[in-house]
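The values are calculated or read from the model by the stated rules, or taken from the named source; none is laboratory data. Here the structure is a predicted model, which is why all the values come from computation and not from measurement. Note: accessible area is taken over every heavy atom of the protein model, side chains too, but ligands, DNA and RNA are not part of it. Shrake-Rupley method; radii C 1.70, N 1.55, O 1.52, S 1.80 Å.
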Amino acid sequence: MYVVMVYDIGERRVVKVLKAARIYLTWVQNSVFEGEITDANFMRLQNTLKRIIEPDDSILFYIFERLYRKKIVLGTNRAAPTNFF
């Protein structure tokens, strides 16, 4: 599956969330990650993030399965090409 992760995290926990997300996904913009991920790794990522975040934090996952065909970037492309389709 292809996942886009967007987060709004308290400043003290941002580095921990960033490190956890980089294990499985590609950083594309401040507070945004994307990438192809297996179901098992998606569960691992969620479990890791659950241990880091606090009640006021927010993490959103958008899951795509053959829904979009391409990605268009306006301005600076901060990430290497992805498998977004």
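Multiply the residue separation of VAL6 and LEU18 by 0.36 nm, subtract the distance between their alpha-carbon atoms, and state the gained length in nm to one decimal. Present the calculation step by step, with values, prior to reporting the outcome.
On the way: separation 12, 0.36 × 12 = 4.32 nm, distance 1.10 nm.
Taking 0.36 nm per residue and subtracting the Cα distance, the gain is 3.2 nm.
To the nearest 10, the accessible area of ILE23 is 120 Å² with a 1.4 Å probe.
Could you put TYR2, TYR62, TYR24 in order of accessible surface area, largest first, with the 1.4 Å probe and the full protein assembly present?
Working: TYR2 15, TYR62 110, TYR24 60 Å².
Putting TYR2, TYR62, TYR24 in descending order of accessible area: TYR62, TYR24, TYR2.
When only Cα pairs below 8 angstrom with a gap of at least 6 residues are kept, segment 1-63 shows a relative contact order of 55 percent.
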